[in-house]
Amino acid sequence: MEYKITIQDGRESKEFLTDGQQTLLELLRGAGAQVEAPCGGNGTCGQCGVAVTGPCRFRDGEVLCFAEETVLSCRARPAGDLVIRLDRARGERVLTDAIDIPPSGEGLGLAVDIGTTTVAAYLYDLTTGKCLAARGAMNAQRTWGGDVISRIQHARSQEGLNALTQAIREQLAALAGQLCEDPGKIRYVSIAGNTVMEHLFAGLSPESIGIAPFRPLSLFGQEHPAAEYMDCFASDCVLYLCPAVAGYVGGDITAGLVSSGAAAADKLVLFIDIGTNGEMGLGNRQGFLCCATAAGPAFEGAEIECGTPARDGAVSAVETDLSYTVLGDTEAKSLCGSGLIDLTAALLYNGILDETGRMEQERYSITDSVWLSGKDVRKLQLAKAAVRAGIETLLERSGKRCEDIDEVLIAGGFGAYMRLQSACAIGMLPPDLLNKARHVGNSAGKGAALALTPAGREALQELHRLCRYEELSSSALFNDNYIEAMLFDEWEEAYD
């Protein structure tokens, strides 16, 4: 028996036949459609909903017929002809702040930041060093999971690796086409991403990064003919992947350390890129000690009951009086990462949440459709404790204290919108560092832009030589710090 599947994605429509053995999520992936699936299709995140018209079969064998109703695509299979409608107009926020670079040649250059959650691309005139345009999008690989571990698991098979590689290369080609009428004029491409993202782009298996001793197949940092990866650029186009330090400290961190000025600083700098991984470095121009913590996807709104990325309808900020701000001209529909941290801090401030993370009620509701549950608080505790424990471990391994740090640089799309006072109130950052911290925006994208120039690539290679890596997974010191960092016992210091 074959069923006809019709996928409606905005103004585009695609039809094909299926035998009904695959889930709707698997069918959508195969059709190149982008669907939120932070848990990778394990049925736990509740975010892969699509509008369905027609009959579906569920895991228990039950068949239900829907009429333009939302169904979790990972839990249903076709039981007849189906129409699946995707919602394109979600208004996600992708950080694309740019810098000008030194003139470095002729033609056009493309700088790309491949983040686990988002992708940002920048078109440069290499003759003048001016940024001509920038574009951002949600990472097309997110349908295979919201974090790098989910994607590593999917890439264990050659088929899975090929799908992830194809998805990101096609997305980069599409972004290049949106930025430039003729991508064939692009003569240099530089890419910054975490080590897993760079592996997936290059078509290299990241499987070894997922198991001890977490060694990648490559640390990158070399130039290659772009045609080895993609054929949409100039015939003589060169492609460069920013050098990684280790399996979980990638080219996005080396790029960020260079573009933020941390790599050239005389003072002691703590650099933190907060996302699904909390990657950080402590040091200055003499060298950096780096580490990575598995923060999980909570900061991106994933696996939070009402959580989403930063998009229209998401509560993005909460004040101490529990008033809130919603993105876009719409009602509150969800809670994004910055709102999650603000709300938790506000609940601590108002005594609704205690230092152990316990609420008197089962959940705190902002509206009838947006709330924070006890399980959400627990996931935030795990995420913030991982970041804080990483900071404390770097300090102890370096023989430094908080007061020795001269500046804290917060990088990344999520970090740019995170309120620093709230981050200190929940104990993710030491409150003593509040007045030393500042946002540096999409430092990975800016570093990728600098990598379009010979001087930028030289700076990246020199920094790479001076970076050391601290593995935290087997560190008793990190584990002790992690347990201690679980409490919300510093919020009063953040509001002094």
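The values are calculated or read from the model by the stated rules, or taken from the named source; none is laboratory data. Quantities reported herein were computed from a predicted structural model and do not represent experimental measurements. When we count neighbours, we look across all protein chains shown, and the Cβ atoms used for this are built from the backbone with ideal geometry, even at glycine. Protein only, heavy atoms only, side chains kept; ligands, DNA and RNA dropped before computing areas. Shrake-Rupley method; radii C 1.70, N 1.55, O 1.52, S 1.80 Å.
Only one of (1) free of Cβ contacts under 8 Å to residues at least 40 places away in the same chain; (2) on the phi > 0 side of the Ramachandran plot; (3) surrounded by 15 or more Cβ atoms within 10 Å (Cβ to Cβ) is not met by Thr53, so which one is it? Looking at each condition in turn, Thr53 falls short on (2). Return yes or no: is Phe201 surrounded by fewer than 19 Cβ atoms within 10 Å (Cβ to Cβ) and aromatic (Phe, Trp, Tyr)? Spelling it out, it is not the case that Phe201 is surrounded by fewer than 19 Cβ atoms within 10 Å (Cβ to Cβ) and aromatic (Phe, Trp, Tyr).
Of all residues in segment 397-428, which are surrounded by fewer than 23 Cβ atoms within 10 Å (Cβ to Cβ), on the phi < 0 side of the Ramachandran plot and among the small types (Gly, Ala, Ser)? Those that are surrounded by fewer than 23 Cβ atoms within 10 Å (Cβ to Cβ), on the phi < 0 side of the Ramachandran plot and among the small types (Gly, Ala, Ser): Ser398, Ala416. Determine whether segment 254-275 contains at least one residue that is assigned to a strand (DSSP E or B) and in contact with a Lys or Arg (Cβ under 8 Å, 6 or more places away or on another chain). Looking through segment 254-275, none of the residues is assigned to a strand (DSSP E or B) and in contact with a Lys or Arg (Cβ under 8 Å, 6 or more places away or on another chain). Kindly indicate whether any position in segment 139-162 is assigned to a strand (DSSP E or B) and either of a type in the set (Val, Ile, Thr) or surrounded by 19 or more Cβ atoms within 10 Å (Cβ to Cβ) (or both). No. Restricting attention to segment 199-241 and to residues that are outside any helix (DSSP H, G or I) and among the aromatic types (Phe, Trp, Tyr), the residue that is nearest to Leu161 (Cα to Cα) turns out to be Tyr229. A search for C-beta distances below 7 Å between a residue of segment 324-349 that is polar (S, T, N, Q) and any residue that is in a helix (DSSP H, G or I), counting only pairs 6+ apart in sequence or on different chains, returns Ser338/Tyr417; Thr344/Val377; Thr344/Leu380. Please count how many residues of segment 397-414 are within 24 Å of Ser475 (Cβ to Cβ) and not in a strand (DSSP E or B). Here the count works out to 10.
For the structure I just gave you, tell me whether Arg311 is under 18 Å from the mean Cα position of the chain (by Cα) and of a type outside the set (A, V, I, L, M). It is true that Arg311 is under 18 Å from the mean Cα position of the chain (by Cα) and of a type outside the set (A, V, I, L, M). Being within 21 Å of Leu257 (Cβ to Cβ) and either β-branched (Val, Ile, Thr) or open to solvent by 10 Å² or more (accessible area, probe 1.4 Å) (or both): is that true of Leu450 here? Yes: the conditions hold for Leu450. Looking only at residues that are under 20 Å from Ile274 (Cβ atoms) and open to solvent by 40 Å² or more (accessible area, probe 1.4 Å) in segment 453-489, which one is modelled with the lowest pLDDT? In this case the residue turns out to be Ser473. Any residue at all in segment 144-158 that is in contact (Cβ under 8 Å) with a residue 60 or more places away in the chain and within 17 Å of Thr96 (Cβ to Cβ)? Within segment 144-158, none of the residues are in contact (Cβ under 8 Å) with a residue 60 or more places away in the chain and within 17 Å of Thr96 (Cβ to Cβ).
Find the strands (runs of 3 or more DSSP E) located wholly in segment 285-396 whose residues include 1 or more that are touching a strand residue (DSSP E or B) at 6+ places or on another chain (Cβ under 8 Å), polar (S, T, N, Q) and within 20 Å of Tyr248 (Cβ to Cβ), and list them. In segment 285-396, 287-293 are the strands (runs of 3 or more DSSP E) which contain 1 or more residues that are touching a strand residue (DSSP E or B) at 6+ places or on another chain (Cβ under 8 Å), polar (S, T, N, Q) and within 20 Å of Tyr248 (Cβ to Cβ).
Which one is nearest to the chain's Cα centre (by Cα), of the residues in segment 210-226 that are without any contact (Cβ under 8 Å) to a residue 60 or more places away in the chain and over 24 Å from Ala455 (Cα atoms)? By that ranking, first place goes to Pro216.
Of all residues in segment 358-387, those that are open to solvent by 60 Å² or more (accessible area, probe 1.4 Å) have Cβ atoms under 9 Å from Cβ atoms of residues that are assigned to a helix (DSSP H, G or I) and of a type in the set (Asp, Glu), 6 or more apart or on another chain, in Arg363/Asp376. Of the residues making up segment 235-268, those that are of a type outside the set (Gly, Ala, Ser) and open to solvent by 10 Å² or more (accessible area, probe 1.4 Å) are Asp236, Val238, Val245, Tyr248, Asp252, Val258, Asp266, Lys267, Leu268. The lone criterion from (1) among the hydrophobic types (A, V, I, L, M, F, W, C); (2) crowded, with 19+ Cβ neighbours inside 10 Å; (3) in a strand (DSSP E or B) left unmet by Ala98 is number (3). Here Gly339 passes the criteria (1) within 28 Å of Thr195 (Cα to Cα); (2) under 20 Å from the mean Cα position of the chain (by Cα) except the one numbered (1).
With respect to the stated conditions, Leu394 is under 28 Å from Asp97 (Cβ atoms) and open to solvent by less than 10 Å² (accessible area, probe 1.4 Å). Only residues that are open to solvent by less than 30 Å² (accessible area, probe 1.4 Å), in a loop (DSSP other than H, G, I, E, B) and over 19 Å from Gly251 (Cβ atoms) were counted in segment 108-133, giving 2.
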